[in-house]
1. Return a whole-number percent for the relative contact order of the range 19-164, with Cα pairs under 8 Å and 6 or more residues apart as the contact set.
2. Accessible area of the chain with a 1.4 Å probe: how many percent of it is carbon plus sulfur?
3. Can you give the helix-only mean residue ellipticity at 222 nm for the chain, where every DSSP H stretch with n ≥ 4 adds -39500 (n - 2.57) and the sum goes over all residues, rounded to the nearest 500 deg cm²/dmol?
4. Can you pull the three principal axis extents for the Cα set of the chain, in Å, largest first?
5. Hey, what's the chain come to in accessible area per residue, 1.4 Å probe, Å²?
6. Determine the distance separating the Cα centre of the range 120-164 from the Cα centre of the range 1-28; give it in Å without decimals.
Amino acid sequence: MPSLPLNSQNLPYPDPLHPIIVHFVIAMVFFSFFCDVVGYFTRNHRLYEVSFWNMFVAAIAIFVAVIFGQFEAGIANTYAAVQPTLNFHTVVGWSLAAIVVAIAAWRFVIRNRNPLKLPPAYLGAATFLICLVSLQVYLGSKLFWVYGLHVAPVVEAMKQGVTP
């Protein structure tokens, strides 16, 4: 198998794509939740439609984010200290992909049955989703800011044999 030429961030392309795509997904999930909560308390059913489409697109985009995350994690220079956080981030990422799809499907059923009403149980599940997404944001931030995955100086130090 031919090896890919890697840049100073240990990537075959200019910048990490996983964070770009995942921030799009995070924004859509949070905005969907915001629209549902505001729509629920103001009884503005038009916000439910906005919420549905944001969750629908997030359910598709999260798989692109997870795939790029898996690829970029696979070519990252890792060391013993980073491994538990990276493994937990991976498990939560795949779990979130399944949960976002399940919640989007549930949202689709709700929308088809009565587009003017949103059950409180759905808002509870969406709140749980927001908590999981927040945990995942923390883990991803830790991988970048604390452990320096795909950060040029850390990559360079590891190429020189320095283990953080």
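1. Once normalised by length, the contact order is 29 percent.
2. 72
3. Mean residue ellipticity at 222 nm (helix-derived): -25000 deg cm²/dmol.
4. Its Cα atoms span 61, 29, 22 Å along the three principal axes.
5. About 56 Å² of surface per residue is accessible.
6. When both Cα centres are located, 14 Å separates them.
The values are calculated or read from the model by the stated rules, or taken from the named source; none is laboratory data. Values in this document were obtained by computation on a predicted structure and should not be read as measured data. All accessible areas refer to the heavy atoms of the entire protein, side chains included, with ligands and DNA or RNA removed. Shrake-Rupley method; radii C 1.70, N 1.55, O 1.52, S 1.80 Å.
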